[in-house]
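A short write-up of the structure that comes next.
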Amino acid sequence: MATTTLANRVSGPVYAPGDSGYAPEIAAFNTAIVHTPDLVVGAGSAADVVDAVRYAREHGHRVAVQATGHVESPITSGVLISTRRLDRVDIDAGRRTATIGAGVRWEAVIAAAAEHGLAPIAGSSAVVGVVGYLLGGGLGPLARSHGFSSDYLLALTVVTADGDVIEASPQRNTELFWALRGGKGGLGVVTEVRLGLVELSTLYAGSLFFDEANIEAALRAWVDWTAAADARVTTSAAIIRFPALDVVPDPFRGRLLLSLRFAYPGTVEEGARLAEPLRSAAPVYVDALDELPAAEVARIHNDPSEPNPAWVSGMLLSHIDQEFASVLLDHVGADADAPFVSAEIRHLGEATERDVEGGSAVGGRDAEFTLGFVGADPQLFRSVLPAALDGLIGDLRAWISPETNINFVGKLRSAEHLASAWPPPILAKLGELRRQYDPDGVFAYGF
């Protein structure tokens with residue numbers, strides 16, 4: 001049997017459909033996604049990844065990888081390598097670096113770094129896998145002050161399509177290093193990364209919530225405020241339809257609210273001064289903006305921490321203005337019958353515009369904002385949500401950037417949609433490198 005043959009080569013478990021451990025091993029954080037690979041390998045080491053890749057190559061299987069399962073499309077064949085057991089986190093406080101295994105989530109790195117007064121430039125969710133996030137670039141709560149999260153990558157350990165283990169860094173395999181900082185998949189299986197950390201113990205951060213009657217006034221004030229926002233401040237505006245469920249805190253349960261997220265890596269006094277125009281934009285329903293330990297950065301966005309069904313889609317914006325606000329409010333505001341649970345605009349620019357030394361494959365450095373949508377009712381995933389998004393995109397074309405970022409596209413709809421995640425020169429170079437490192441298409445990626 002294939003499971004026995006491969007199990008004899010690896011230290012971690014190997015499962016086939018019907019095995020008792022198969023479903024738990026492949027379960028995704030997005031519970032709307034059900035994977036059905038031919039085999040799944042629970043890699044316990046980089047050597048297991050090597051043997052899994054070599055086995056797949058020998059038997060004509062394609063290879064996919066999953067750590068946490070924050071995904072939008074199912075894996076329906078081939079060999080799925082589960083990396084969640086690669087959970088090592090080592091902090092070198094003197095060098096301000098973290099060595100991180102491929103199965104690690106941000107929460108583990110944040111906690112370990114905080115013990116030394118350090119912090120990674122992480123994403124908005126603490127339960128997202130570090131490696132998958134970094135490979136796409138990463139735009140977190142400190143994007144404007146600190147840039148893309150992948151800008152802090154120092155080195156990666158990669159298993160190639162031939163089953164070789166190589167290092168990618170500014171000194172070794174430099175073109176692959178360039179590609180892995182934002183180029184996402186199809187280049188190899190990353191088993192470990194070394195990431196730079198920053199000195200940061202506290203933030204002035206959190207969220208200002210505005211009730212339904214004041215959403216428009218607060219949103220329009222934020223749109224104007226972003227035009228001259230301090231370079232050290234990262235904000236976003238999310239219109240959220242909180243479900244009427246017991247798990248939702250009472251002040252939010254069943255309400256339509258605007259959440260203005262705010263993050264300033266500095267003092268309380270200066271942060272409060274910078275936030276004052278937003279506080280005075282309209283009556284604040286809940287003020288959850290104050291000094292925040294850097295270790296609690298995930299509280300800014302309060303993304304779900306438990307597996308749930310999700311439909312996600314997004315794009316980047318070249319600019320926004322009051323006409324944009326009007327169109328968005330028509331689609332997702334208080335008077336709209338919108339199927340989205342959340343519609344969020346994140347302010348970019350400043351540090352996100354500046355590429356790292358040696359360059360990177362990140363898409364979206366020229367954009368000024370992101371725009372993302374989330375749905376939570378699986379009955380709406382197939383047709384209602386896509387139709388609502390198409391209608392909104394049609395009305396927002398004047399503001400939508402021609403390129404996006406691979407971490408923000410959501411479920412890929414076509415080869416053209418995938419291609420939009422990078423500027424044409426970067427896309428072309430990534431194609432060349434994928435053909436160089438995986439000429440036989442071992443790694444499942446694209447269309």
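The values are calculated or read from the model by the stated rules, or taken from the named source; none is laboratory data. Predicted, not measured: the structure shown is a model, and the values here were computed from it. Methodologically, a virtual Cβ is constructed for each residue, glycine included, from the backbone with ideal geometry; neighbour enumeration extends over all protein chains shown. Each accessible area value is taken on the protein alone, full model and side chains, heavy atoms only, with ligands, DNA and RNA left out. Shrake-Rupley method; radii C 1.70, N 1.55, O 1.52, S 1.80 Å.
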>> I need the shape label for the stretch 276-318. Rule: rounded when a/c is under 1.5, else prolate if a/b > b/c, else oblate, with a, b, c from the alpha carbon gyration tensor.
In response: oblate
> So what is the relative contact order for the stretch 73-207, in percent, with contacts set as C-alpha pairs under 8 Å and at least six apart?
Replying inline: 27 percent
>> Considering only C-alpha atoms, what is the centroid distance from the stretch 144-171 to the stretch 182-237, in Å?
In response: 23 Å
> Semi-axes, largest first, in whole Å: what does sqrt of 5 times each Cα gyration tensor eigenvalue give for the stretch 160-209?
Replying inline: 33, 14, 10
>> Whole angstrom only: what separates the Cα centroid of the stretch 76-99 from the Cα centroid of the stretch 257-310?
In response: 29 Å
>> Explain nothing, just the number: dipole magnitude of the stretch 136-245 about its Cα centre with +1 on each Lys and Arg Cβ and -1 on each Asp and Glu Cβ, in debye rounded to the nearest 20.
In response: 60 debye
> What percent do you get for the relative contact order of the stretch 185-314 when only Cα pairs under 8 Å and 6+ apart count?
Replying inline: 39 percent
> Ratio of Rg to Rh for the stretch 1-90, alpha carbon only, Kirkwood?
Replying inline: 0.94
> What residue among 354, 85, 95 has the largest mean-square fluctuation in a Gaussian network model of the chain, using Cα springs under 10 Å?
Replying inline: 95
> Using r as the Cβ-Cβ distance of residue 175 and residue 20, and R0 as 41 Å, what FRET efficiency do you calculate, to the nearest 0.05?
Replying inline: 0.40
> For the stretch 288-363, what class follows from the C-alpha gyration tensor (a ≥ b ≥ c being the square roots of its eigenvalues): rounded when a/c is under 1.5, otherwise prolate if a/b is larger than b/c, else oblate?
Replying inline: oblate
>> So if the hydrodynamic radius of the stretch 235-377 is defined as the Kirkwood radius over C-alpha pairs, what does Stokes-Einstein give as its diffusion coefficient at 37 °C and 0.692 mPa s, in µm² per second?
In response: 191 µm²/s
> If you average the sequence gap of Cα pairs under 8 Å that are 6 or more apart and divide by the length of the stretch 54-140, what percent do you get for the contact order?
Replying inline: 23 percent
>> If R₀ is 35 angstrom, what is the calculated FRET efficiency for the pair residue 445 and residue 111, using the beta carbon separation as r and rounding to 0.05?
In response: 0.65
>> With only alpha-carbon pairs counted, each pair once and no self-pairs, how large is the Kirkwood hydrodynamic radius of the chain in angstroms?
In response: 22.5 Å
> Taking all pairs of different Cα atoms in the stretch 233-284, averaging 1/r and flipping that mean, what Kirkwood radius in angstroms comes out?
Replying inline: 12.7 Å
> Where only protein heavy atoms count, and the probe is 1.4 Å, what is the accessible area per residue for the chain in Å²?
Replying inline: 41 Å²
> For the stretch 299-447, what is the charge dipole size about the Cα centre, in debye to the nearest 20, if Lys and Arg each add +1 at the Cβ and Asp and Glu each add -1 at the Cβ?
Replying inline: 480 debye
>> What value in Å³ per residue do you get for the convex hull of the alpha-carbon atoms in the stretch 7-165?
In response: 120 Å³
> GNM on the chain, C-alpha springs below 10 Å: top fluctuator among 299, 365, 413?
Replying inline: 413
> Share of the chain's accessible area from carbon and sulfur, percent, 1.4 Å?
Replying inline: 50 percent
> In terms of modelled amide H atoms, which long-range or inter-chain residues lie less than 5 Å from the amide H of residue 317?
Replying inline: 368, 369, 370, 371, 401
>> If I fit a long axis through the Cα atoms of helix 215-226 and take the longest principal axis of the Cα atoms of the chain, what angle between them do I get, 0 to 90°, rounded to 10?
In response: 70 degrees
> Looking at 425, 444, 311, which one has the Cα that reaches farthest to the positive end of the dipole of the chain (charges on Cβ: Lys, Arg +1; Asp, Glu -1)?
Replying inline: 444
> Which residue, chosen from 264, 289, 240, occupies the Cα position most advanced towards the positive end of the dipole of the stretch 226-297, where the dipole is computed from +1 (Lys, Arg) and -1 (Asp, Glu) charges on Cβ about the Cα centre?
Replying inline: 240
>> Classify the stretch 145-261 from the C-alpha gyration tensor, please: rounded if a/c falls under 1.5, else prolate or oblate depending on whether a/b exceeds b/c.
In response: prolate
> Can you give the charge dipole size of the chain about its Cα centre, rounded to the nearest 20 debye, using +1 on the beta carbon of Lys and Arg and -1 on the beta carbon of Asp and Glu?
Replying inline: 940 debye
> What is the log10 of I(q)/I(0) for the stretch 317-430, computed with the Debye formula using one identical point scatterer on each Cα and no solvent, at q = 0.18, 0.19, 0.20, 0.24 Å⁻¹?
Replying inline: -1.00, -1.09, -1.18, -1.48
>> With angles folded into 0 to 90 degrees, how steeply does helix 268-279 sit against the dominant principal axis of the chain? Use alpha carbons for both and round to 10.
In response: 70 degrees
>> Please list, in order, the residues from the stretch 382-413 whose amide nitrogen is less than 19 Å from a point placed 7 Å along the Cα→Cβ vector of residue 330.
In response: 387-401
